């Protein structure tokens, strides 16, 4: 209160102190701390002016020291969070911040042979990267690809996974060591969660998700081998193996979330947040040389693109709008086909629901100009706006 009086004067200092009030309990009990969330209806123009004076006075203090080192693993976690949030909230600044962080690490925290340097401080990068650094950064890059559609991030994630397999894999058992060489007496394998998901769990998640975005069977086999080693340990100790179990569930039963892939990565599906008018929009991007069948195929043997929207496990009444198909003849069919190619939207108008989250099941059959893959039903979860 003395500081308020010194900066604002006795009268205004007392008035502000009365509005703010003191913290009732905890480390700051008896202190005056401004929290605007707790002052709704009490803030006027004079309060804002006084707050500006207090802010100016605060900037005169010597700022506390800040830990400014940059760690790859921590930034990988932050990149993942920002990329996912940019999709859920449709907030581009989150995505741009994630891209900037990813670009900085890629350009400044690698050796000439592409190995990760785990720490950067005052313009200097040092300390050899561990499995946790590679895995968390690769996970961040995959989420950046999901959010932006920029393939460069997927390519960078694949390069990191190749190094993981070369430098960290236990060639006999299939899981991964923490370091690329023996430290002290042995190489340990981080498989238990702590303040972060374990490095082996993140690696399993990265390889699993990469296999779903790239048509490379060796990645699927690598994920299966790693899962065979890790699953029993995680099941016996689920409290410390939760991240392994989560990665295993996504690998075996499909990923959850607003961005999904079909056709070995040839089809990217983004579910936008439900608008205030109840409009649910799916943006599909189909790779060049590929297509999906329309919602009304011209041949009975082809599986139609179909959308089912659910809330609380029950199908919702919707009006669904599919794009007009392209009709053409391909090499494997003499008859004309109704196809959806390149970029298009599927829109569902939801009639009525009070659910906080909407589930969607989108069935597609992905085909090239020569062959059709098996039909897939992609499950997505979308928050209500």
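The values are calculated or read from the model by the stated rules, or taken from the named source; none is laboratory data. Because the structure is predicted, anything quoted here is derived from the model rather than measured. Cβ coordinates were reconstructed from backbone atoms using ideal geometry, including for glycine residues, and neighbour counts include every protein chain displayed.
Table for the structure above
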quantity	calculated
Lone unmet requirement of (1) surrounded by fewer than 17 Cβ atoms within 10 Å (Cβ to Cβ); (2) in a helix (DSSP H, G or I); (3) in contact with a strand residue (DSSP E or B) (Cβ under 9 Å, 6 or more places away or on another chain) for residue 107	(3)
Residue 53 vs. criteria surrounded by 10 or more Cβ atoms within 10 Å (Cβ to Cβ) and over 20 Å from residue 5 (Cβ atoms)	no
Residue in the stretch 143-161 that is outside any loop (DSSP other than H, G, I, E, B), closer than 17 Å to residue 74 by Cβ, under 16 Å from the mean Cα position of the chain (by Cα) and in contact (Cβ under 8 Å) with a residue 24 or more places away in the chain present	yes
Criterion: under 22 Å from residue 245 (Cα atoms) and surrounded by fewer than 18 Cβ atoms within 10 Å (Cβ to Cβ) - qualifying residue of 150, 139, 196	196
Some residue of the stretch 119-127 being assigned to a loop (DSSP other than H, G, I, E, B) and buried (at least 22 other Cβ atoms within 10 Å of the Cβ)	no
Residue list for the stretch 348-385, filter: modelled with pLDDT under 80 and not in a strand (DSSP E or B)	351, 352, 353, 354, 355, 356, 385
First in the stretch 357-385 and free of Cβ contacts under 8 Å to residues at least 40 places away in the same chain, second anywhere and surrounded by 19 or more Cβ atoms within 10 Å (Cβ to Cβ), Cβ under 8 Å, 6 or more apart	374/365; 377/362
Of residues in the stretch 291-319 being within 21 Å of residue 383 (Cα to Cα) and loosely packed, with under 15 Cβ neighbours inside 10 Å, the one modelled with the lowest pLDDT	317
Test: residue in the stretch 185-195 that is closer than 30 Å to residue 374 by Cα and either out of contact with any strand residue (DSSP E or B) (no Cβ under 6 Å at 6 or more places or on another chain) or not in a helix (DSSP H, G or I) (or both)	no
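Per-residue answers, yes or no, for (1) modelled with pLDDT of 85 or more; (2) part of a loop (DSSP other than H, G, I, E, B):
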| position | (1), (2) |
| --- | --- |
| 5 | yes, no |
| 16 | no, no |
| 25 | no, yes |
| 40 | no, yes |
| 43 | no, yes |
| 47 | no, no |
| 52 | yes, no |
| 56 | yes, no |
| 68 | yes, yes |
